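Report on the structure given below.
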Amino acid sequence: MPMASLKTSPLAPGVSPVEIYYREAGEGEPVVLLHGGWGWTLNPFNRQLDKLSDEFRVICPDRSGYGGSTKLVDGFAVDFHYRAATETLSLLDALGIERAVFWGHSDGAVIAAIIAFIAPKRVRGIILEAFHYYRMKPSSREFFETVANAPETLGPELCGKFVLEFGVDHWRRLITSHAKTWREIALTSSTPSDDLYGGRLREVTAPTLLIHGRLDPRTEPDELDAVAVALPHAELQLLEAGGHGPHNEPGTADEATRLAREFLRIHSSELLGPRASRPQ
């Protein structure tokens, strides 16, 4: 299985080296798929890895703490999205990738957006699926409390997938830590409109596609309106039957993949432009 070795990662402080497992298929311009907060096993990008690899080099890493990558010792920090963005850029360096299109789901979408404003020269375009904007998530408070305190109540099937993703000795600690961290993120907000990006989302200039399920239970009532103000150039595709994982849901997976491929093709003159020298 392909592994990349990083000297360090802010997601796993004090650990060296940090091993990152990744899946890869196809050739051409790189497209990096960034999984959500519950990892590849819960919302896999298998269909996209298969369907897009006929035109693109598709890379799907497990972040530290997930899948086959280095396990986390202390769980998640409040700024874990920013730490993950730094780790992702280090992975690109290790793989010799100068620039890429990033398709992120949920937490992965937050990470993709952060990369787009902290390292714009590394980004050819971003696809933001099930995107989070607000730090406070009142509609999800009960959900996070349940996961933080009693993840077993989510049912044996889901817990079995957590075991596959995080390991039998780690799954409960990591799932509860993730939920508690989202709860802490909300507590650091001074107003309900505080965003995860410190107002910097407006700095994103890369072509942007938003894929969102109308039935997404993690979305606040006016959250997409706020995103439209912060990302006025972004294209929004709202999938009527979609929930929190349109790329992996039977009723929307094909449409989400079609929209992503169309986005890549429409912007090919921008996305497939001349290669720049590798950033230092």
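In the set (1) touching a Cys at 6+ places or on another chain (Cβ under 8 Å); (2) aromatic (Phe, Trp, Tyr); (3) surrounded by 24 or more Cβ atoms within 10 Å (Cβ to Cβ), the condition left unmet by TRP103 is number (1). Of the residues making up segment 32-83, those that are among the basic types (Lys, Arg) and part of a helix (DSSP H, G or I) are ARG47, LYS51, ARG83.
Test of understanding: among GLY243, GLY167, which residue is over 20 Å from SER140 (Cα atoms) and either crowded, with 18+ Cβ neighbours inside 10 Å or not acidic (Asp, Glu) (or both)?
Just a single option satisfies the conditions, and that option is GLY167.
Is one or more of the residues making up segment 150-160 within 25 Å of GLU87 (Cα to Cα) and either assigned to a helix (DSSP H, G or I) or of a type in the set (A, V, I, L, M) (or both)? Spell out how you get there, then give the answer.
Within segment 150-160, the subset within 25 Å of GLU87 (Cα to Cα) is none.
Within segment 150-160, none of the residues are within 25 Å of GLU87 (Cα to Cα) and either assigned to a helix (DSSP H, G or I) or of a type in the set (A, V, I, L, M) (or both).
In this entry, ARG183 passes the filter for residues that are within 23 Å of MET136 (Cα to Cα) and of a type outside the set (Phe, Trp, Tyr). ARG83 meets each of the listed conditions (1) crowded, with 17+ Cβ neighbours inside 10 Å; (2) more than 26 Å from GLY160 (Cα to Cα); (3) touching a strand residue (DSSP E or B) at 6+ places or on another chain (Cβ under 6 Å) apart from (3).
Throughout, read-outs are computed from the coordinates displayed, never taken from laboratory work. What you see is a predicted model; the values in this text were computed from it and never measured. All Cβ positions, even for glycine, are placed from backbone atoms using ideal geometry, and neighbour counts span all protein chains on display.
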